[in-house]
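A short write-up of the structure that comes next.
Each value in this text was obtained by applying a stated rule to the coordinates, not by laboratory testing. Keep in mind that what you see is a predicted model, and the values were worked out from it rather than measured. A quick note on method: Cβ atoms are made from the backbone with ideal geometry, for glycine too, and the neighbour counts reach across all protein chains shown.
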Amino acid sequence: MANKKSSTTDIALRVATAMRQMGIDGLPRNYELVYEAYAGCNPDLVRDFIALGKYKTQAALDELGRKYLPHQHEASVLQRSAGAISSEMSNFMDLLTQERSSLTDYGRLIGEASQVIRNAAGDEGALGSSLEALQRATELRVTHTAEMAEKVAAQSAVMDGIQKEMAEFEAMKFVDPPTKLGNRRAFNKALARVYANAELPMLCGVVIAEVDAERRFSPGQIEALSDHLVTFYGNLIRQAFPSSALAVRFDGLRFGFLFHTAEESEVTRLVDLLRAAFQTVALRDPRTGRNLGHLTLSAGACMSDRADSAFDLSAACERALMEAKGAGGDQIVVYGRGDEVPAGKEWMIYRAS
């Protein structure tokens with residue numbers, strides 16, 4: 001754990017130093033954006049961040065944040081959507097007003113025609129003129145109705161687009177772009193939900209795992225293959241895991257899982273199935289197609305009834321993972337078999353709504 005804390009501290013110092021050098025204001029949203037860029041979790045974000053140049057304006061940073069960290073700009077997205085909805089509703093009310101006016105005019109014409117028909121007992125000319133006027137009004141009414149139907153359909157399409165944009169925005173807040181798995185925010189939110197009722201926590205099993213890339217490759221090779229390893233094993237995990245379980249990527253080749261079961265044996269069985277998939281699907285060089293063999297997976301697990309808070313549960317999994325990797329990797333260690341779970345600060349970053 002000491003090495004991990006040191007690594008995290010190093011990144012934090014690098015981020016703070018970089019922000020001062022580039023003249024970036026110390027806003028929370030700026031810090032998270034720069035941290036994500038320096039951590040290198042999202043290659044696209046890193047590329048776009050570098051493309052901004054040495055001195056980055058707040059407007060450019062916010063535009064990047066809206067693209068890669070949409071949760072930071074939720075208010076602006078909601079305001080924009082609310083404005084669009086208000087505009088479309090106003091347009092729709094105008095259409096209804098026009099329709100009411102058109103119906104009033106049409107009703108007046110029908111009334112006038114009816115009066116002429118009643119009064120024109122033997123006057124064929126007046127009767128014919130009245131019928132022609134009624135026919136023209138009817139044709140105009142049909143045309144107007146068709147035009148209104150088209151306008152309503154167009155407005156419905158706009159409303160559908162707004163609804164789709166909002167759904168995509170909500171989903172992307174908790175998605176890791178390279179792997180399409182959940183992200184750390186999704187994991188934090190799920191852990192918070194476990195202890196939403198502190199007296200009766202949800203029974204589940206949580207696992208933190210890491211691909212044992214260092215057992216097969218040198219640091220230089222891992223760096224060269226980094227993007228490919230992330231997408232390859234992210235896709236493998238997404239395909240191998242049951243839809244009822246939560247699978248997320250933290251950073252690099254570290255992943256988190258939450259299983260909705262109180263049985264420790266079931267949690268270890270599911271992790272072992274994933275480890276078996278790692279041994280079944282061969283990794284290939286993305287440039288040459290050469291078979292690079294199979295990588296292994298180390299995992300640390302803890303059941304929710306062995307921790308008092310989300311922080312304790314996550315810390316227990318981290319300790320178990322360290323044990324697994326310290327023992328050579330390629331194994332799962334379950335925390336809590338006779339050990340005391342260390343007391344920790346309540347970790348409720350996202351509370352269940």
> Taking amide H positions as placed 1.01 Å from N in the peptide plane, with prolines and chain starts having none, which residues 5 or more places from V175, or on another chain, fall under 5 Å of its amide H?
Replying inline: N183
>> If I take all pairs of Cα atoms in segment 176-334, what percentage of them are more than 29 Å from each other?
In response: 16
> Looking at this model, which pairs from K151/K173; K67/K189; K67/K180 are more than 23 angstrom apart at the alpha-carbon?
Replying inline: K151/K173
> Using the 10 angstrom Cβ neighbour count as an exposure proxy, how do I24, I208 rank, fewest first?
Replying inline: I24, I208
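Run the dipole for segment 176-334 about the Cα centre, Lys and Arg Cβ at +1, Asp and Glu Cβ at -1, nothing else charged, and hand back the magnitude in debye, nearest 20.
On the way: 18 positive and 19 negative charges, 126 e Å.
With Lys and Arg at +1 and Asp and Glu at -1, about 600 debye.
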> When Lys and Arg each count +1 and Asp and Glu each count -1, what net charge do the other residues less than 10 Å away from I208, Cβ to Cβ, add up to?
Replying inline: 0
